[in-house]
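What follows is calculated from the coordinates using simple rules that are stated; it is not laboratory data. Computed from a predicted model, the values in this text were never measured in an experiment. In this analysis, Cβ positions are derived from the backbone assuming ideal geometry, glycine residues included, and neighbour counts consider all displayed protein chains.
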Ligand code: GAR
């Protein structure tokens with residue numbers, strides 16, 4: 001079984017990126033991370049990458065040719081699989097088409113619920129709690145040209161407690177579900193490579 005060359009895109013803390021780094025370093029994944037890219041210069045995910053001697057690149061979204069730069073960078077690093085790990089910017093159509101079937105995203109809800117425009121990060125958990133949902137979870141899915149609409153690879157749920165806050169729910173979903181299913185989904189795709 002050969003590993004994949006992973007290009008990981010992050011916008012924030014990068015705890016999902018960390019779960020991939022740990023799985024690569026422990027040998028749980030055969031793949032390697034060949035670049036970590038962010039649209040946020042201060043994203044802690046870039047710092048995590050640097051700590052592990054991984055190429056950490058900031059591409060300024062204010063630049064007119066942001067999408068072309070992102071695409072060219074992924075091509076230059078010969079990325080096999082693009083992993084959106086808390087990347088909170090919509091992916092350009094050309095990138096989706098170029099990497100068709102080779103882009104995955106992690107989303108912190110039971111898609112198709114709480115997906116689409118405006119549903120990202122803590123906003124997802126706030127909406128789940130406001131609606132009085134009894135369960136929530138996370139989904140890893142293929143990326144198509146819609147927002148959070150691609151085919152599901154893995155989805156896992158947990159109970160929402162009556163005293164959960166958006167922050168407590170976010171933390172449990174990250175630690176108990178996201179960090180596991182993202183690695184499992186990559187392992188699954190390695191098996192098909
Ligand atoms: C994660 O909960 C991820 O599912 C979510 O952002 C967080 C990033 O955390 N992504 C989305 O909401 C995408 N629509 P991290 O930076 O610690 O991995």
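Miscellaneous remarks
- Test result for residue 95, within 12 Å of the ligand (Cβ to nearest atom) and either in contact (Cβ under 8 Å) with a residue 24 or more places away in the chain or more than 23 Å from residue 183 (Cβ to Cβ) (or both): no
- In the range 112-141, the residues that are touching a strand residue (DSSP E or B) at 6+ places or on another chain (Cβ under 6 Å), more than 10 Å from the ligand (Cβ to nearest atom) and touching a residue at least 40 places away in the same chain (Cβ under 8 Å): 128, 137
- One residue alone among 136, 109 is in a loop (DSSP other than H, G, I, E, B), more than 30 Å from residue 76 (Cα to Cα) and in contact with a helix residue (DSSP H, G or I) (Cβ under 6 Å, 6 or more places away or on another chain), and that residue is 109.
- Among the residues of the range 30-46, the ones that are surrounded by fewer than 20 Cβ atoms within 10 Å (Cβ to Cβ) and away from the ligand (no atom under 12 Å from the Cβ) come to 6 in all.
- Meets criteria (over 18 Å from residue 88 (Cα atoms) and in contact with a strand residue (DSSP E or B) (Cβ under 7 Å, 6 or more places away or on another chain)) for residue 24: yes
- Within the range 10-34, the set of residues being under 14 Å from residue 74 (Cα atoms), touching a helix residue (DSSP H, G or I) at 6+ places or on another chain (Cβ under 7 Å) and in contact (Cβ under 8 Å) with a residue 40 or more places away in the chain comprises just one member, 10.
Here's the yes/no breakdown for (1) within 15 Å of the chain's Cα centre (by Cα); (2) outside any helix (DSSP H, G or I); (3) near the ligand (Cβ under 10 Å from one of its atoms):
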| residue | (1), (2), (3) |
| --- | --- |
| 18 | yes, no, yes |
| 28 | no, yes, no |
| 60 | no, yes, no |
| 71 | no, no, no |
| 82 | yes, yes, no |
| 88 | yes, yes, yes |
| 91 | yes, yes, no |
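- Checked against (1) buried (at least 16 other Cβ atoms within 10 Å of the Cβ); (2) part of a strand (DSSP E or B), residue 157 meets all criteria but (1).
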